[in-house]
Amino acid sequence: MSGATEPVGVKCVVWDLDDTLWDGVLLEGDVPRARTEVVDTLRTLDGRGILHAVASRGDHDRAVAHLRELGLLDYFVHVEVGWDAKSVAVSRTAAALNLNPDSFAFVDNDPSERDEVADALPMVRCYPDSAAADLPDRPEFVPERLTGESRRRRVMYQAEQRRRVDEERAGAHRAEFLAGLDLVMTVRRAREEDLERARELTVRTHQLNTTGRTYSMEQLRTLCADPRHEILVAALTDRYGSYGTIGLAVSELAGDDHVLTLLLMSCRVVSRGAGSALLHHVVARARAAGRRPCAEFVPSSVNRIMLVNLRFAGFAPAGSARASCCSPSTRPPRPPRPRPTSASSTVTTRRRHRPPTRPHRRAADERPGPDRPGCPGARGGGGGAADRRRPARRRPLAA
């Protein structure tokens, strides 16, 4: 069909339990055994980075306990067992995992349940239980590329869930929670196995992105092989586990300049200080090589935070033939936060939080008054519309 879009590959399979994942009905007193072909499919798809979840009817605690007894609970990143419509359970699962429902599949032995999900969520692909053994052979369950990081996707999701729960429990003590995460960032040159994740980051990351450039696999491969360019990837870990590859820096080595043409960071770590740590690492790397650090910035409706990061790192607008180019100013930059622990490419980030300060109150002799310029009705000519100070025009980053 002309103009049709290619279907999205499946990223999560949602399973019914009774007479689908196992034979029998738990609430009727059965002690069901898991179907061998379903277990094989769970393991095969898990190895491909495809997540599993549960949407079933019954008692939640009993279902979770039986999954644990069967040794299958760890394969599931989200479990919905209750009496709501299955479509509601699938929607809640998509929200919890922050995934689009068009990347979901639903497996159930009951045709009426499949019809209900298909009517409410037509983008979700529905399969009968008899198709469970064949799912790994279907093209929608075969990722285009498989990386070491994608194979660990379930483990990373489960670590993030534990992290999120503990952070919510911390409540008013969130600052102490963040300080105790023992964050470690590792920065290195991109290798072939990093390129798919790097490409994905350029397509999916918009807010924490300095220029919005996107790259194909072939373009990234060409830049990696070009001595005039450098591509760095950043990974982050804490005491809960790995966040995976969360940052990317693409630089052009132009004469005496080290020009950062793209810096981006996954929004999942926006509160961890990782963007500042990567930026300071790139600056230090450029100076160690005797080059002047420069950065391109292309403003968008959502990436102002990256301009703030550049300014806090000491960058200032610089006259250049390059559009939206800035370089570190001559004034001393603010101390980096988080700061590198050594000259190596491993950076430890410890988030420090300061209590909010009250707005500065001007002394009495600084406040506008009838005899001071700037006060409406001031004697001596101040206060007219033409005399009020206008906000300074924002200076563009490039000429």
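The values are calculated or read from the model by the stated rules, or taken from the named source; none is laboratory data. Remember, it's a predicted structure, so these values are computed and weren't measured experimentally. With ideal geometry, Cβ positions are generated from the backbone for all residues, glycine too; neighbour counts draw on all protein chains shown.
A few remarks follow.
- Among the residues of the range 8-27, those identified as within 18 Å of Ala96 (Cα to Cα) and either free of Cβ contacts under 8 Å to residues at least 40 places away in the same chain or assigned to a strand (DSSP E or B) (or both) are Cys12, Val13, Val14, Trp15.
- Residue count for the range 6-16 satisfying the condition of being closer than 17 Å to Ala133 by Cβ and at pLDDT 95 or above: 3.
- Failed item in (1) at pLDDT below 95; (2) part of a helix (DSSP H, G or I); (3) of a type outside the set (Asp, Glu), with Ala89 passing the rest: (1)
- Of all residues in the range 197-222 being of a type in the set (Val, Ile, Thr) and in a helix (DSSP H, G or I), the one that is surrounded by the most Cβ atoms within 10 Å (Cβ to Cβ): Thr202
- A single member of Ala131, Ala118, Ala94 is under 20 Å from Gly9 (Cβ atoms) and buried (at least 20 other Cβ atoms within 10 Å of the Cβ), and it is Ala94.
- Qualifying residue in the range 311-334 (condition: modelled with pLDDT of 85 or more, at negative phi and assigned to a helix (DSSP H, G or I)): yes
- Candidate set: the range 100-115, residues that are farther than 22 Å from Trp22 by Cβ and free of Cβ contacts under 8 Å to residues at least 24 places away in the same chain; chosen: the one surrounded by the fewest Cβ atoms within 10 Å (Cβ to Cβ): Asp115
- Test: residue in the range 65-82 that is over 20 Å from Val39 (Cβ atoms) and either surrounded by fewer than 20 Cβ atoms within 10 Å (Cβ to Cβ) or not assigned by TED's automatic domain parsing to the domain that holds Val25 (or both): yes
- Any hit, the range 170-179, residues being in contact with a Leu (Cβ under 9 Å, 6 or more places away or on another chain), surrounded by fewer than 19 Cβ atoms within 10 Å (Cβ to Cβ) and not assigned by TED's automatic domain parsing to the domain that holds Gly47: yes
- Selection within the range 225-239 - more than 14 Å from His258 (Cα to Cα) and in contact with a Lys or Arg (Cβ under 8 Å, 6 or more places away or on another chain): Val233, Leu236, Asp238
- Test result for Cys267, touching an Asp or Glu at 6+ places or on another chain (Cβ under 6 Å) and not acidic (Asp, Glu): no
So that you can scan it fast, the table gives a plain yes or no per residue for (1) farther than 20 Å from Tyr215 by Cβ; (2) touching a helix residue (DSSP H, G or I) at 6+ places or on another chain (Cβ under 7 Å); (3) in contact (Cβ under 8 Å) with a residue 60 or more places away in the chain; (4) not in a helix (DSSP H, G or I):
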residue	(1), (2), (3), (4)
Ile246	no, yes, no, yes
Ser271	yes, no, yes, yes
Ser276	yes, yes, yes, no
His281	yes, no, yes, no
Ala286	yes, no, no, no
Gly290	yes, no, no, yes
Pro293	yes, yes, no, yes
Ser300	no, no, yes, yes
Ile305	yes, no, yes, no
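- Meets criteria (touching a strand residue (DSSP E or B) at 6+ places or on another chain (Cβ under 9 Å), surrounded by fewer than 15 Cβ atoms within 10 Å (Cβ to Cβ) and in the same structural domain as Gly275 (by TED's automatic domain parsing)) for Asp238: no
- Any hit, the range 139-157, residues being closer than 16 Å to Leu17 by Cα and either assigned by TED's automatic domain parsing to the domain that holds Val38 or touching a helix residue (DSSP H, G or I) at 6+ places or on another chain (Cβ under 6 Å) (or both): no
- Of the residues making up the range 121-179, those that are among the basic types (Lys, Arg) and part of a helix (DSSP H, G or I) are Arg151, Arg153, Arg154, Arg162, Arg163, Arg164, Arg169, Arg174.
- Apart from one condition, Glu140 fits all of (1) at pLDDT 90 or above; (2) farther than 19 Å from Leu99 by Cβ; the exception is (2).
- Test for Gly49: is it on the phi > 0 side of the Ramachandran plot, surrounded by 15 or more Cβ atoms within 10 Å (Cβ to Cβ) and in contact (Cβ under 8 Å) with a residue 60 or more places away in the chain: yes
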